Amino acid sequence: MGLLSDPNRRRALISLLTRLNTPICIVCYMAGVAWFMGLAFEPFTLRTYMSENAMGSTMVEERFPAGERALATGREFSAHKKRTGGMPVEWLMKTMQAKGLEVFTQRFSRTLPFPDENKERYMVRGTNVYGILRAPRAPRTEALVLSAPCSPGDNNNQAVGLLLGLAEYFRNQIYWAKDIIFLVNEHDLIGMQAWLEGYHHTNTTGMDWSPLQGRGGSIQAALSLELSSDIITSLDLVLEGLNGQLPNLDLANLFYAFCQKIGVLCTIQGKLQRNDWDSVSGYSHAVQTMMLMVMKQASGRPWGDHGLFLRYHIEAATIKGVNSFRQYKTDATTIGRLLEGMYRKLNNLLERLHQSYFFYLMPSLSHFVSIGYYMPAFGLLAVILLLRALDLWVQLSTPPQRTEDGVTDIEPVRGTHFKTVADLLSLLTPLVISHLTGVALYMLPIRFQEMAVEHFPVSETEAVVLTAIAVYTAGLALPHNTHRLLSGEGTEQGWRVLKLVAVLYLAVLLGCTALINFSLGFILALTLVPVAAFVTPHVPKVLSAFILVILSPACTLLFSVFFFQELQEMPISFQDGWLLFLSVISQGILDHSLYGSLVYPLITLLVYPCWLLFWNILFWN
Amino acid sequence: MAAPLTLLLLVAVTVRAALFRSSLSELISERVEVVSPLTAWKRVIEGLALLDLGVSPYSGDVFHETPLTIYLFHFLVDYAEVTFMVSVKKNVFRKQKFALEADRYPLDCLELIRSPKEMYYIPLKVAMFYLLNPFTILSCVAKSTCGLNNAIIALFILSTIKGNVLLSAIFLSLATYQSIYPLTLCAPALLYLMQRQYIPVNFRRASFWWFIVQYAFMYLGSLFVIICLSFFLLGSWDYLPSVYGFILSVPDLTPNIGLFWYFFAEMFEHFRLFFLCVFQINVFFYTIPLSIKLKEHPVFLIFMQLAVISIFKSYPTVGDISLYMAFLPVWSHLHRFLRNIFLVSCVLLACSALFPVLWHLWIYAGSANSNFYYAITLLFNVAQILLVSDYFYAFLRREHHLTYGLYLKRKDGSEATLVLK
């Protein structure tokens, strides 16, 4: 308690912190970025290991023989799909029944708030078909799910074929202790959302679906399968789910262990693992892999059909077959054996997967960074905000003739009351106005689409996105003079108080975001913290305004789009990048209204208003 | 004075009404930070339903409110109005109370006394701190019965400060009846009333003991009447174990912002009784040292006691915290002596934001666990304790300066500083 009670030591510490504030902030920022980049360096990471005993020590033997037949079923499915022009419900039901499953269907329909131009859908109507293999060896209180999306065109037929093949094979085994549900969902995530809501009797997004007729036990784990060719070269594991949630690391470990055992090439973020971590190219490869994961997680959208399971506390991942031009080929039988092995191990689970990590980043499939290692990177950035806040507080609480301990203070004169009221108003006005702008940004795009379509030559989707951009830009012009309406000239004291509030607000906001979705919190901190640290009304206006705009949330998104393309080794021109940026905005809004992703409301209702406060401070006078 | 007060009231009522109408109220009334098993509106409804059916509301393990409350609600179901009335009432009473209290200080030495003008605004500030405190708003929108308890305690303080011995005793017994802990407030009440009637606090004086006996008689008498009234209304003693047993033995370990739940969830069963006693004695124990130290300043003692109760009680909610926070503007003359106020307010702010986040991660996402939530609870309570002890220190420091002068000199003439060791 010495620090808290001894005024001399306190004074020394505080004067140190205020005197060296700027250098400390710069050092912290660099250290934060360096720490983050260091996370991908292999000696700093941990090797993955299986934590769950039930899956670790038991041996299973994979015997799935019928890959070719599964592919034939897939071709049959494709033929029926073409004939019916959608999901061949009748055929699927008949086939699943023939394999000995209890088969049920679920119809659903959903009208999107505005047409989705990426997937070309607006009024969605579809049917999910699922079959339940009842567990012969245990009371049916738990279940596992294997799903394959029925995609339009020629995609994913092999996945459905393999799913049916596995169903037939699993049916003849006697060791199942959990129900296994084989699900073919139409319209990918929308169908999955309908099915999950039906299964759990919830309705969070206002979708229409018919109730499920058959149900298994509580779902312990789920895998979603995407295969589009008969022979594949590698399997890719997708982990990122809704709102950046990740499944338990043991699921990834399980996949990796079986790939090693069976000898299948496995990748994460489409990147193979390399052994030359000590070379520059090896390190940059790991950084790329990790950055891809960070970008995907930050987007907060489900990157595969598994993404929605995570919301229901079900560990899930998507396995994607990739057919590139490598020498190394894997056939359907091998993939079937891999899945069989994974399901047998999952079947052995005694409780939900909980032993391993839930918060992690993966620079490669065999290495991971846990929350304890990556949080300091964020912490170093967040400390800057606290230091600035402390600095401001000291400035505010020490007018010229005052020492820290308050003893030689001159009593504030009468009349201070009115001054504080004026201060309070000049503080409240920007706060309220920027939040109202945020609310407008959140509400208007969807509300105004019809009007916009009537008056301008744009499609609905464009209307929504352009309205969003228009409101966003209008927000820049609108509030930065408003505090003067009420309180006259802005005072020196006034902006300090506003900045103190804004800095603390940002710190709390980023802290909470980073806990739920580290990547999003970190990317926002990377861009917003410098803004928060340097903005005052006394810096050169034009230059700072430019920097502020560059570091605003929308520009961050724009850069992220380019950076993401760059990481995927698919660089694009500015024109395409801009189009992609627009479609990303529309996808973000759709993700929010369809699946309840929180990124869009977070940015519009909290982060953007917070950024506007800094914009206000810049134009204080 | 009246105009800003009306404005404030309007704002407060509007905010509550708006939140009440919105879909958020459902969400808020489920939050563990806002309602405890004792004060949840949902449980009151359950109790009412049982009463309507002619079943004892205390059968089963749902309802833990006191019988009078349930009968009160039996007749006044429109709770929102009640809460509004209560807050309005409290507001007005507070105003009077501090207008009265303001008379006490001008004896103090020059630089440290508050100007009458500042005094004039204190009731308004108190009203503002209470009515616009997000914690109060949350607990009102959640229809927590905590508002009622707060109102009774506020009435008790008011009547004490006005010097009305009988009313003070009655309200104190009502508050005790609601939730045992306000019992510790009898010490400051006694001290204050004696100060008013110029009775010295001296154990050898008969007048001192006579006053204590008088007060105790009034207090116990009204408590007896209330308890018997509850018995006759219900026709059984069911409510005693269900209300007071529930408060004292803490069987419900639903997470909340207090310190009990995690500790008792983790503990081996055979230590439970021992630690239960330790924890409960802890709440009451501070009365003795604090009343010895703050013998001359019963109003500050009330503040300290309220804070101690709301930190260490078995089912605390944010509504309890808002009650003692409403007192903070009264001590605005201490602000220059506060040392950690910035740190503490940052921590309190961050914790309040982190509560729902970590709850989400623990309960819904399943990726965090109870340790995360309890860590924040601990931090929150540490911050509260720091806040209170900071005020305590500042108060003592001010007293010191009042006796020894503001500018201390060392023997050699240089400026001295005070160090707390």
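The values are calculated or read from the model by the stated rules, or taken from the named source; none is laboratory data. As the structure is a prediction and not an experimental result, all values here were calculated from the model. Here Cβ is always computed from backbone atoms with ideal geometry, including for glycine, and neighbour counts include all displayed protein chains.
Take segment A:590-614 and flag every residue that is of a type in the set (S, T, N, Q), closer than 26 Å to A:His187 by Cβ and surrounded by 21 or more Cβ atoms within 10 Å (Cβ to Cβ).
Quick first cut of segment A:590-614, residues of a type in the set (S, T, N, Q) only: A:593, A:597, A:604.
Among the residues that remain, those that are also closer than 26 Å to A:His187 by Cβ are: A:593, A:597.
Result: A:Ser597, single match.
Here's the yes/no breakdown for (1) within 22 Å of A:Tyr505 (Cβ to Cβ); (2) among the hydroxyl-bearing types (Ser, Thr, Tyr); (3) not in a helix (DSSP H, G or I):
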residue	(1), (2), (3)
A:His354	no, no, yes
A:Phe358	no, no, yes
A:Val369	no, no, yes
A:Tyr374	no, yes, no
A:Phe378	yes, no, no
A:Leu381	yes, no, no
A:Leu386	yes, no, no
A:Ala389	yes, no, no
A:Leu392	yes, no, no
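Exactly one condition in (1) of a type in the set (Ser, Thr, Tyr); (2) surrounded by fewer than 20 Cβ atoms within 10 Å (Cβ to Cβ); (3) under 27 Å from A:Val294 (Cα atoms); (4) within 14 Å of another protein chain (Cβ to nearest Cβ) is not met by A:Tyr373; state its number.
Among (1) of a type in the set (Ser, Thr, Tyr); (2) surrounded by fewer than 20 Cβ atoms within 10 Å (Cβ to Cβ); (3) under 27 Å from A:Val294 (Cα atoms); (4) within 14 Å of another protein chain (Cβ to nearest Cβ), the lone unmet condition for A:Tyr373 is (4).
Would you mind finding the one in A:Gln565, A:Gln587 that is in contact (Cβ under 8 Å) with a residue 24 or more places away in the chain and either away from chain B (no Cβ under 14 Å) or surrounded by fewer than 16 Cβ atoms within 10 Å (Cβ to Cβ) (or both)?
After applying the criteria, what remains is A:Gln587.
Please tell me if A:Lys296 is among the basic types (Lys, Arg), crowded, with 18+ Cβ neighbours inside 10 Å, under 28 Å from A:Phe36 (Cβ atoms) and in contact (Cβ under 8 Å) with a residue 12 or more places away in the chain.
Spelling it out, A:Lys296 is indeed among the basic types (Lys, Arg), crowded, with 18+ Cβ neighbours inside 10 Å, under 28 Å from A:Phe36 (Cβ atoms) and in contact (Cβ under 8 Å) with a residue 12 or more places away in the chain.
Residues that are more than 12 Å from the chain's Cα centre (by Cα), of a type outside the set (S, T, N, Q), assigned to a strand (DSSP E or B) and not assigned by the TED database to the domain that holds A:Val584: does segment A:289-308 have at least one?
So far as segment A:289-308 goes, no, none of its residues is more than 12 Å from the chain's Cα centre (by Cα), of a type outside the set (S, T, N, Q), assigned to a strand (DSSP E or B) and not assigned by the TED database to the domain that holds A:Val584.
Of the residues that sit in segment A:376-389 and are surrounded by 21 or more Cβ atoms within 10 Å (Cβ to Cβ) and within 16 Å of A:Phe359 (Cα to Cα), which one is nearest to the other protein chains (Cβ to nearest Cβ)?
So, considering only residues that are surrounded by 21 or more Cβ atoms within 10 Å (Cβ to Cβ) and within 16 Å of A:Phe359 (Cα to Cα), the one nearest to the other protein chains (Cβ to nearest Cβ) is A:Phe378.
Yes or no, residue by residue, for (1) closer than 20 Å to B:Ser29 by Cβ; (2) surrounded by 24 or more Cβ atoms within 10 Å (Cβ to Cβ); (3) among the charged types (D, E, K, R); (4) in contact with a helix residue (DSSP H, G or I) (Cβ under 7 Å, 6 or more places away or on another chain):
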position: B:Pro134; (1), (2), (3), (4): yes, no, no, no
position: B:Cys140; (1), (2), (3), (4): yes, yes, no, yes
position: B:Cys146; (1), (2), (3), (4): yes, yes, no, yes
position: B:Ile170; (1), (2), (3), (4): no, no, no, yes
position: B:Ser173; (1), (2), (3), (4): no, yes, no, yes
position: B:Ser179; (1), (2), (3), (4): yes, yes, no, yes
position: B:Gln197; (1), (2), (3), (4): no, no, no, no
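Would you check which residues across segment B:219-244 are within 23 Å of the chain's Cα centre (by Cα) and either at pLDDT 90 or above or within 30 Å of B:Gln195 (Cα to Cα) (or both) and list them?
Correct list: B:Tyr219, B:Leu220, B:Ser222, B:Leu223, B:Ile226.
State whether one or more residues within segment A:376-386 are β-branched (Val, Ile, Thr) and more than 29 Å from A:Ala532 (Cβ to Cβ). Please lay out each step first, then the result.
The initial filter retains those residues of segment A:376-386 that are β-branched (Val, Ile, Thr), namely A:383-384.
Subset that is more than 29 Å from A:Ala532 (Cβ to Cβ): none.
Looking through segment A:376-386, none of the residues is β-branched (Val, Ile, Thr) and more than 29 Å from A:Ala532 (Cβ to Cβ).
If I ask for residues that are touching a Gly at 6+ places or on another chain (Cβ under 7 Å) and farther than 24 Å from A:Thr205 by Cβ, which ones from segment A:566-612 would you list?
The answer is A:Pro609, A:Leu612.
So in segment B:338-355, with the set limited to residues that are in a helix (DSSP H, G or I) and within 8 Å of chain A (Cβ to nearest Cβ), which one is farthest from B:Leu379 (Cα to Cα)?
B:Phe342
Mind listing just one residue for me: the one in segment B:367-382 that is under 25 Å from A:Leu249 (Cα atoms) and touching a Phe, Trp or Tyr at 6+ places or on another chain (Cβ under 9 Å) and, of those, nearest to the other protein chains (Cβ to nearest Cβ)?
B:Ser367
Would you check if B:Val344 is modelled with pLDDT under 90 and touching a helix residue (DSSP H, G or I) at 6+ places or on another chain (Cβ under 7 Å)?
So B:Val344 does not fit the description; no.
Among (1) buried (at least 16 other Cβ atoms within 10 Å of the Cβ); (2) at pLDDT 85 or above, there is one condition A:Glu462 misses while meeting the rest; what is its number?
(2)
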